[in-house]
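Structure record follows, encoded as structure tokens.
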Amino acid sequence: MIALTRPAILEFGGPSSGHPFALPCAALVVFVPAIASGSSNDAWPEPLRAMDDMLGGQLAMLAGDGEFTGQPGEVTLLHTRNATGARRIAFAGVGDPQTADADRFRRAAAVATRRLRAASVHEFSVLLPHDGSLAQAIAEGLLLADYRFTHYLADKGKASRITLVVAPASATSQQDSLQAVEAGIARGRAVGEATVFARDLCNHPGNVLTPRVFADVAIELAREHGMRVEVFDEEALSGMNMGGLIGVAAGSREPPRLVVLEYSPGDCKSEPPVVLVGKTVTFDSGGISLKAHLDMDHMKADMTGGAAVLGALRAAARLGLQQRIVGIFAVVENMPGGGATRPGDILHMASGTTVEVLNTDAEGRLILADALHHARSYGPQCVIDVATLTGASAMVFGPVFTGMFSTSQTHAQAMQVAGQFCGEPVWPMPLAAEYRDMLKGTVADLRNIAGPLGAMPIAAAFLQHFTDGLPWLHLDIYNTCWNTTDHPLLPVGPTGSGTRLLTQFLIDHARRPAASAS
């Protein structure tokens, strides 16, 4: 088993005994709504005004100077000089309380965590609102901001230890609100730790995380959580006629794998599953159609789709979600060896379709085609594939949105809701017969590319050929899988994108009746 990062330790301290500001701790994070510049603290909400009075009006002075106004992204760290139980208080702005959604609190928690880490504070407390959804978002923000991949460094650093508390509520509402907050923390911990897990998989280099090692990780996860696992080796794949997987792996010394992981708790074993399919290219050189050298090291994260699916299954099991979920992982390394597939070669796919390979760097769609065909055997209620599929997604969306192609309006709307809540927004993209027509071949049924124009919907159209008749969603996460600039929620490097999105979709899906396939 490869080494995994120990995430920040989150502990629920329940309601504070007495005034929360008296809680003894190295630092206390407090979320603050927008403050009018120049206003006195007389007009502030009572808890905030009381805290500022205890601090001798320090926050009011900063607000008066316009240095801290409670806007999103702002954080100020004040030393209390023993005026409260906390040695320091980190005030994190969430802006207008009327528009402060879950993502505002998620980001505020992340900014505060970064600020405290910069001050070498690794044990602190966080004052939560009495809201389960906000508690979930805050827990996620704390875990995501604390993440560091240090396995190959001499200085490993250490994870933070964070205590989450809420202010006492009225006797009539306290029990219900505490249960909602505790459940929210559990969801946030599962989502955050799943993303940490996915980031770790993407950070390990290709000489460590090979297809066989990825399969071992899935086997270990199955053992830990009582899931069913199947691993198909190259001999089995040949018998299944999976020419896409075999063809992409042909140039590598590392043999391909198809891994199937099934989570089916309690009475869910016979219900149609949600099938998640992850593109899992552990390193992508481009094959014979070799990539440019610039940023090729990022291609260790070309398995982000598979990492996201594995992380989502891990979270579902830890939360005990009552639904059947099948994860399918097409696992290969794409290398330019002597036996590699050449441009112009024709592959015979598991579905019976023949494909002329015009570009060996358009390999993700080839392995996903076989995996999507295999998904049919489970009689799924929906199939969702997640893939770092096209560089064109970065030209369309930058690092913000995930492009979504879908044949199921019901599931597409549910995915949009999940994306809005978790901070990984998706944007619907078109599927049209014209794009599929562009892929028709002359010497084979299909070509794997159709020129540089329309590359993103054309790639989706290729996958659609292998999902006809299925309720299907395709999520292209190439543009969000690697972060190059500082961001409170995202480290520089692999982001584990798609993990929060899939996990939130599954959480929401488990709460409602069986979805329509419309």
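Of note:
- Helix 409-422 and the longest principal axis of the Cα set of the chain meet at an angle near 40°.
- Tensor-based shape of segment 419-518 (alpha-carbon gyration tensor, a/c under 1.5 rounded, otherwise prolate or oblate): oblate
- Reachable lysines, given that their alpha-carbon falls under 29 Å from the alpha-carbon of Lys156 and they are not under 8 places away in the same chain: Lys300
- Candidates Ala190, Pro205, Ala180 compared by Cα position along the dipole of segment 176-234: farthest toward the positive end lies Ala180, with charges placed on Cβ.
- Computed magnitude of the charge dipole of the chain (debye, nearest 20; Cβ of K, R +1, Cβ of D, E -1): 680
- Remark: Asp155, Asp53, Asp216 ranked as Asp155, Asp53, Asp216, counting other beta-carbon atoms within 10 Å and listing the fewest first.
- Length added when fully stretched, Thr150-Gln420, from 0.36 nm per residue minus Cα-Cα: 94.1 nm
- Of the peptides 346-355, 25-34, 425-434, the order by per-residue mean of other Cβ atoms within 10 Å, starting with the highest, comes out as 25-34, 346-355, 425-434.
- Net dipole in debye of segment 336-402 [+1 Lys, Arg Cβ; -1 Asp, Glu Cβ; about Cα centre; nearest 20]: 100
- Options Val492, Ala450, Pro430, ranked by Cα towards positive dipole end of segment 363-517, top entry (Cβ charges): Pro430
- Tensor-based shape of segment 201-511 (alpha-carbon gyration tensor, a/c under 1.5 rounded, otherwise prolate or oblate): rounded
- log₁₀ of I(q)/I(0) at q = 0.09, 0.13, 0.15 Å⁻¹ - segment 9-169, Debye sum with one point per alpha carbon: -0.27, -0.57, -0.77
- Each Lys and Arg adds +1 at its Cβ and each Asp and Glu adds -1 at its Cβ; summed about the Cα centre, segment 356-505 shows a dipole of about 200 debye.
- Distant-in-sequence amide H partners of Met404 (H built 1.01 Å from N, under 5 Å): Trp427, Met429
- Estimated [θ] at 222 nm from DSSP helical runs (n ≥ 4, -39500 (n - 2.57)) normalised by residues in the chain, nearest 500: -11000 deg cm²/dmol
- Rounded, prolate or oblate (a/c below 1.5 giving rounded, otherwise prolate when a/b exceeds b/c) for segment 61-141 by Cα gyration tensor: oblate
- Cα-based helix-to-principal-axis angle, 499-511 vs the chain, degrees rounded to 10: 80
- Each Cα pair under 8 Å and six or more residues apart adds its sequence gap; the mean of these over the residue count of segment 9-169 is a relative contact order of 33 percent.
- By average C-beta atoms within 10 angstrom, highest first, the peptides 456-468, 134-146: 134-146, 456-468
- The string of couplings for segment 101-118 from the Karplus curve (6.51, -1.76, 1.60, θ = phi - 60°) is 8, 4, 5, 4, 5, 4, 5, 4, 4, 5, 4, 5, 4, 4, 5, 6, 4, 5 Hz, one whole number per residue in order, with x for Gly and Pro.
- Taking amide hydrogens as placed 1.01 Å from N in the peptide plane, the amide H of Ala86 sits under 5 Å from those of Leu23, Cys25, each at least 5 positions away in sequence or on another chain.
- Nonlocal amide H pairs with Leu389, under 5 Å, H built at 1.01 Å: Ile477, Tyr478
- Percent antiparallel among DSSP beta bridges (both partners in the chain, rounded to 5): 40
- Relative contact order for segment 201-511, counting Cα pairs under 8 Å that sit 6 or more residues apart, in percent: 22
Readers should treat all values here as calculations from the given coordinates under stated rules, not as data from a laboratory. Values in this document were obtained by computation on a predicted structure and should not be read as measured data. Cβ coordinates were reconstructed from backbone atoms using ideal geometry, including for glycine residues, and neighbour counts include every protein chain displayed.
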